[in-house]
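**Student:** Before we start, here is the structure in question, set down as structure tokens.
Coordinate-derived values only; no laboratory data. As the structure is a prediction and not an experimental result, all values here were calculated from the model. Note: ideal-geometry Cβ built from the backbone for every residue, glycine included; neighbour counts use all protein chains shown.
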Amino acid sequence: MDGVRSEFNKQLYLQGAENGAMAKHTNYPATRFFLACASAMLLMTAIPIHVAAQESPDLFTIYLVRHAEKQSDTTDPPLTSCGIQRSESLSAFLEAVPLDVVYSTDYKRTQSTAVPTARAQGLSIQSYSTQALEEMAEQLLGNGQDALVVGHSNTTGVLAGLLVGEEIGAFDESIYNRVYQVVISKDDKRLHIFHTAFDCAER
């Protein structure tokens, strides 16, 4: 499994390196594994960010997403029917990505978003605090693991920015289809932003 993961990340990183000289906000073609995810065809925007990386012998990749659509009638709302569908779509989106760990904040909407992916990959969900994002970034970088991190509209972009040394703020609460991908190698960190084309069947 480690060999498969290393080769997968190497191919993904090399593709990013080939495109690294291009300007920000350039549309890149999606990588092959996205084509295998029938429920998650993508328009992909890649934002290469070149900064010094930690010493690490291998590539690893961190995916950061906001929770799926939530109900609005409680202080800790569960997912809506569309949100449940989106969480399943996320699992399909990451089906070909071997993950080491899945993180979520301790809320019903984030935990429920993470469950399908964690279950499909045989992983338990590790909790983290929205009040300790800098510590979480340090943990993610120090662990060097391929990870999924489920958060909120006011934490997901912020945490992605901390991972690459860039200031990224909150995004609009109407956005559910954004996936931040941080690819980390020995000499480089790259941030890519994907937008999934999931469409709820009940709309």
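**Student:** Calculate, in nm to one decimal, what residue 119 and residue 166 gain on full extension: separation in residues at 0.36 nm each, minus their alpha carbon distance. Write down the numbers at each step before the final one.
**Tutor:** Values: separation 47, 0.36 × 47 = 16.92 nm, distance 3.22 nm.
Full-extension gain reported as 13.7 nm.
**Student:** Classify region 87-148 as rounded, prolate or oblate, taking a ≥ b ≥ c as the square roots of the eigenvalues of its Cα gyration tensor: rounded when a/c is under 1.5, otherwise prolate if a/b is larger than b/c and oblate if not.
**Tutor:** Since a/c reaches 1.5 but b/c is at least a/b, the shape of region 87-148 is classed as oblate.
**Student:** Let me ask something else about it. Under the definition of Cα pairs under 8 Å and six or more residues apart, what whole-number percent is the relative contact order of region 57-163?
**Tutor:** The value is 36 percent.
**Student:** Okay, moving on. Highest first, please rank the peptides 128-140, 104-116 by the mean number of other Cβ atoms sitting within 10 Å of their residues.
**Tutor:** Ranking, from highest mean packing down: 104-116, 128-140.
**Student:** Shape call for region 78-181 from the C-alpha gyration tensor, a ≥ b ≥ c root eigenvalues: rounded (a/c under 1.5), prolate (a/b greater than b/c) or oblate?
**Tutor:** Oblate.
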